[in-house]
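The structure is given below, and queries will be raised subsequently.
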Amino acid sequence: NWARTFRWQPSRTYVPETDADVANLVRDARRARAVVRVVGARHSPSDIAATPDADAMLGRPGFAVRMHRMANIVHIDRARLTVTAQAGITLEALSVALDRAGLALENLGSIAEQTVAGSMATGTHGAGSRFGVLSSTALEIVLITGTGERRVLRRDDPDPDAFRAALCSLGCLGIVVQVTLRVVPAFQLAVVEGELDFATMAQQLPSLLAQSDHTRLWWMPPTDRVLAQYARRITPPAADASLPPPPTRPRPGWVRGSLIPHHLYEASLYAATWMPRLLAPLDPYAAIAHADAHSIPRGRSFEMFKLDCLFKQYVTEWCVPLADAARVLTALRDAIRAAGPAVAGAVHAPIEIRSVAADDALLSPATASSTPAATAAPFVYIGIITYRPYGADAPGRARYWALYEAILRQRGGRPHWAKAFPLGPAELARLYPETWATFQRVRASCDPDNVFTNAYVRRHL
């Protein structure tokens, strides 16, 4: 994967060009008793897409599928505000095409290189209490099941269970070949950045997250400093005559765009793997690396949503109800302080806090279950990171991860499916009491022979 935290070697790699190609490769795999997984942009910091040459437990060959030749726009409907695209298109390419048509995706995360189907399959999210995960905008999903059948799933189906399962499918229902998404008129984001302390953030978290359309908070441990980014939507741009035409986001200068985040900061973190006490003095560099993301205060939405991931890293992220988020963050700060030197070298900045609207996907970490998503309270994602400067692993990372996971487990947090996490089927079923059984029923119907069941799926489902 991108972070080099997992490696695998499939026995075959397929690059289909049509739906028929996908159906044929699935039938081939079924006859060969092979495991099939689609490999997107490989940004998931887990083995969710891994297809080993021979499955360690079942002795099955692994077939990888790359969808980059099925990456076209099928249709843009300006009147109905929808776009239909093949599953292999990246969010970047889709956003550029929509922008040319005067449209935009409603919300995006920080990474634009992901494929649209891969982003949906793992519940990828952005920021904003009024905006759900990417798949919450889906209207239709076309997939090839484990039997080679082509199924068209729609939000308005009389029995929507299969559609709701496909909204966050983990790649285990079939291979998605096409999606139709709801879009919005193109808009800009006007960004204001601020700074506050941890105590203020914890006391005012709900109001801070609601202060703008898209709020990102970055807590910068080992300090109590919190950086805030507030982004306001301007739709349509022409409605505000005081604004100039939307600028194209320029590349940052070499010092702030490359020297500090990609050289000085990485070298300093590498030194800190041996001397963790260096992390606190690194705070100014961390602030530049993470919060100096925009060299202009306003721009096209899809350009402003993006952030630089810098360099290789371990990352995990769990989701909790808004009402629990401040308590979780306070418990995490107290636990980090109590652990002291045992985790100090692995506690890298930032710890990112973002809110999302509830949704109706069966296994989305932000699912509202039986509560209508439109009336449910938002959820908050809390993500931690430990960089791997020059491939080096920071001491104490395993203990830091265990500390974080223990707190989130205690609060009933749900892990982001794209990340690596230790929960098995029994514990995950308790986190999705109203939807787990339905998802498993749909999965058995779509993939009766476990064609899409790799080690990740066996471990968690």
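Can you tell me which condition residue 106 does not meet? The list is (1) over 22 Å from the mean Cα position of the chain (by Cα); (2) under 29 Å from residue 210 (Cβ atoms); (3) of a type in the set (D, E, K, R), and all the others hold.
Condition not satisfied by residue 106: (1).
Somewhere in the range 367-378, is a residue surrounded by fewer than 19 Cβ atoms within 10 Å (Cβ to Cβ) and in contact with a Gly (Cβ under 8 Å, 6 or more places away or on another chain)?
Yes, because at least one residue in the range 367-378 is surrounded by fewer than 19 Cβ atoms within 10 Å (Cβ to Cβ) and in contact with a Gly (Cβ under 8 Å, 6 or more places away or on another chain).
Would a scan of the range 312-322 turn up a residue that is part of a helix (DSSP H, G or I) and free of Cβ contacts under 8 Å to residues at least 40 places away in the same chain?
no
Looking only at the range 217-251, how many residues end up being at pLDDT below 55 and of a type outside the set (A, V, I, L, M, F, W, C)?
Final tally of qualifying residues: 11.
Exactly one of (1) modelled with pLDDT of 95 or more; (2) of a type in the set (A, V, I, L, M); (3) not in a loop (DSSP other than H, G, I, E, B) is unmet by residue 64. Its number?
(1)
Tell me, yes or no, whether the range 355-370 has at least one residue that is polar (S, T, N, Q), at negative phi and touching a Pro at 6+ places or on another chain (Cβ under 6 Å).
Scanning the range 355-370, I find at least one residue that is polar (S, T, N, Q), at negative phi and touching a Pro at 6+ places or on another chain (Cβ under 6 Å), so the answer is yes.
Based on what the data block shows, is residue 154 of a type outside the set (S, T, N, Q), surrounded by fewer than 19 Cβ atoms within 10 Å (Cβ to Cβ) and outside the structural domain of residue 331 (by TED's automatic domain parsing)?
Here the answer is yes, as residue 154 does meet what is asked.
Looking at this structure, is residue 33 surrounded by fewer than 22 Cβ atoms within 10 Å (Cβ to Cβ), touching a Lys or Arg at 6+ places or on another chain (Cβ under 6 Å) and in contact (Cβ under 8 Å) with a residue 12 or more places away in the chain?
In short, yes.
Given the criteria buried (at least 20 other Cβ atoms within 10 Å of the Cβ) and either within 18 Å of residue 171 (Cα to Cα) or basic (Lys, Arg) (or both), does residue 15 qualify?
No; evaluated as a whole, the condition is false for this residue.
Going through the range 175-187 one residue at a time, which ones are part of a strand (DSSP E or B) and under 23 Å from the mean Cα position of the chain (by Cα)?
175, 176, 177, 178, 179, 180, 181, 182, 184 - these are the residues of the range 175-187 that are part of a strand (DSSP E or B) and under 23 Å from the mean Cα position of the chain (by Cα).
Okay, moving on. Taking interchain pairs and intrachain pairs at least six residues apart, which have beta carbon atoms under 6 angstrom, with the first residue in the range 388-402 and among the hydroxyl-bearing types (Ser, Thr, Tyr) and the second part of a helix (DSSP H, G or I) and at pLDDT below 95?
Going by the 6 Å Cβ cut-off, the qualifying pairs are 390/270; 400/343.
Yes or no, residue by residue, for (1) under 16 Å from residue 178 (Cβ atoms); (2) hydroxyl-bearing (Ser, Thr, Tyr); (3) in contact with a helix residue (DSSP H, G or I) (Cβ under 9 Å, 6 or more places away or on another chain); (4) not assigned by TED's automatic domain parsing to the domain that holds residue 144:
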| position | (1), (2), (3), (4) |
| --- | --- |
| 78 | no, no, no, no |
| 86 | yes, no, yes, no |
| 92 | no, no, yes, no |
| 95 | no, yes, yes, no |
| 108 | no, no, yes, no |
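Please count how many residues of the range 167-208 are out of contact with any Cys (no Cβ under 7 Å at 6 or more places or on another chain) and at positive phi.
Number satisfying all stated conditions: 2.
Does at least one position in the range 288-299 carry a residue that is modelled with pLDDT of 80 or more and surrounded by 14 or more Cβ atoms within 10 Å (Cβ to Cβ)?
Within the range 288-299, one or more residues are modelled with pLDDT of 80 or more and surrounded by 14 or more Cβ atoms within 10 Å (Cβ to Cβ).
For the range 382-461, list the helices (runs of 4 or more DSSP H) that sit wholly inside it and hold at least 2 residues that are under 19 Å from residue 367 (Cα atoms); which are they?
Helices (runs of 4 or more DSSP H) meeting the threshold: 397-410, 425-431, 436-446.
Restricting the range 331-352 to residues that are at pLDDT 95 or above and in contact with a helix residue (DSSP H, G or I) (Cβ under 7 Å, 6 or more places away or on another chain), which is surrounded by the fewest Cβ atoms within 10 Å (Cβ to Cβ)?
335
The values are calculated or read from the model by the stated rules, or taken from the named source; none is laboratory data. None of these values were measured; they are calculated from a predicted model. All Cβ positions, glycine included, derive from the backbone under ideal geometry; neighbour counts span all protein chains shown.
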